[in-house]
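Written below as structure tokens is the structure these notes are about.
The values are calculated or read from the model by the stated rules, or taken from the named source; none is laboratory data. All figures in this text were calculated on a predicted structure; none of them were measured in a lab. Here the Cβ is made from the backbone with ideal geometry for all residues, glycine too, and neighbour counts use every protein chain on show. Surface accessibility is based on the protein's heavy atoms, side chains included, excluding ligands, DNA and RNA. Shrake-Rupley method; radii C 1.70, N 1.55, O 1.52, S 1.80 Å.
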Amino acid sequence: MTLTSASPATPRATTAASGIATVGEVYLPQQDTELLIDMVRSLGVDGKNVLDLCTGSGAIAIAAARRGAAEVTAVDASADAVAYARWASLTAGVSVTVQHGDLTRHVGQYDVVTCNPPYVPTPPVDDPRYHPAGPSHAWDAGLDGRAVLDLLCEHVPTLLRPGGAFLLVHSEFADEEASLRALRAGGLHAEVVSERFIPFGPVMTARAEWLEERGLLERGCRVERLVGIAAVAPGGEKVDGKPAPGHTADTEQS
């Protein structure tokens with residue numbers, strides 16, 4: 001998919017038989033994106049330099065720009081996502097610099113870094129029962145769901161200015177305690193500050209029995225807890241005091 005500022009047509013969203021909504025190879029925003037946007041709003045980014053990693057559709061970067069961020073940079077490893085995010089920011093009428101690249105190689109210093117990475121535990125077998133059609137790079141994250149998260153949590157402290165904040169969202173099934181330990185090991189003050197309970201979507205539904213067999217899911221349960229983590233670099237206020245995001249907890253349909 002190639003989109004430019006001169007592209008006359010609006011990209012068309014499609015929904016696969018599995019129920020997954022996409023534009024080409026771009027996964028459209030879901031409840032985890034909404035949770036992270038709520039965290040951005042609670043934190044406040046007015047006048048700040050913001051980096052959005054794994055930007056996907058660009059929704060979080062666009063939200064930051066709309067909330068008054070001085071500069072917004074968005075990065076994704078998918079060329080389709082980069083093209084779509086550029087188109088979306090142009091359509092939204094906001095300034096976002098969208099870059100194609102590996103998050104672990106990105107350099108710079110930012111006031112706020114956000115990320116909604118791939119985090120769904122993935123069976124190590126090529127069985128279509130476990131792999132609904134769609135851009136699997138947007139959710140597949142290895143056996144424990146941490147293939148991207150571990151790299152991210154190790155690298156992100158190098159991207160924060162003193163007092164800068166990292167906002168992260170992922171599923172309970174990707175081990176929030178591992179994220180907290182890794183971020184704290186990098187010198188950040190990290191806490192779970194937000195959560196949301198949602199019914200399983202198509203990917204989690206397809207993998208529910210596998211998760212049950214691994215002992216990661218109570219049998220018959222089809223609800224997951226999304227967690228929002230805020231991690232603050234030395235030199236700023238702690239997560240449990242302003243300007244860290246406040247706690248939210250609600251239930252939405254996936």
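Quick notes on this one:
- Scope region 187-202; condition closer than 21 Å to residue 136 by Cα and modelled with pLDDT of 95 or more; matching residues: 198, 199, 200
- Region 84-130: number of residues that are closer than 12 Å to residue 58 by Cα, open to solvent by less than 30 Å² (accessible area, probe 1.4 Å), part of a loop (DSSP other than H, G, I, E, B) and not hydrophobic (A, V, I, L, M, F, W, C): 1
- Which listed residue is buried (at least 23 other Cβ atoms within 10 Å of the Cβ), modelled with pLDDT of 95 or more, among the polar types (S, T, N, Q) and closer than 15 Å to residue 138 by Cα, from 33, 55: 55
- Within the set 104, 97, 73, 91, the sole residue that is of a type in the set (Val, Ile, Thr) and more than 26 Å from residue 164 (Cα to Cα) turns out to be 91.
- When region 136-150 is filtered for residues that are assigned to a helix (DSSP H, G or I), open to solvent by 10 Å² or more (accessible area, probe 1.4 Å) and either without any contact (Cβ under 8 Å) to a residue 40 or more places away in the chain or under 20 Å from residue 228 (Cβ atoms) (or both), the ones remaining, listed by number, are 136, 138, 150.
- Of all residues in region 153-188 being assigned to a strand (DSSP E or B) and over 30 Å from residue 214 (Cα atoms), the one that is most open to solvent (accessible area, probe 1.4 Å): 162
- Scope region 45-55; condition closer than 14 Å to residue 82 by Cβ and assigned to a loop (DSSP other than H, G, I, E, B); matching residues: 54, 55
- When restricted to residues that are without any contact (Cβ under 8 Å) to a residue 40 or more places away in the chain and farther than 17 Å from residue 27 by Cβ, region 42-73 contains 10.
- Failed item in (1) over 19 Å from the mean Cα position of the chain (by Cα); (2) open to solvent by 10 Å² or more (accessible area, probe 1.4 Å); (3) not hydroxyl-bearing (Ser, Thr, Tyr), with residue 207 passing the rest: (2)
- If you go through region 56-83 and keep only what is among the acidic types (Asp, Glu) and not in a strand (DSSP E or B), you end up with just 80.
- Count of residues meeting criterion [on the phi > 0 side of the Ramachandran plot and of a type in the set (D, E, K, R)] in region 161-194: 1
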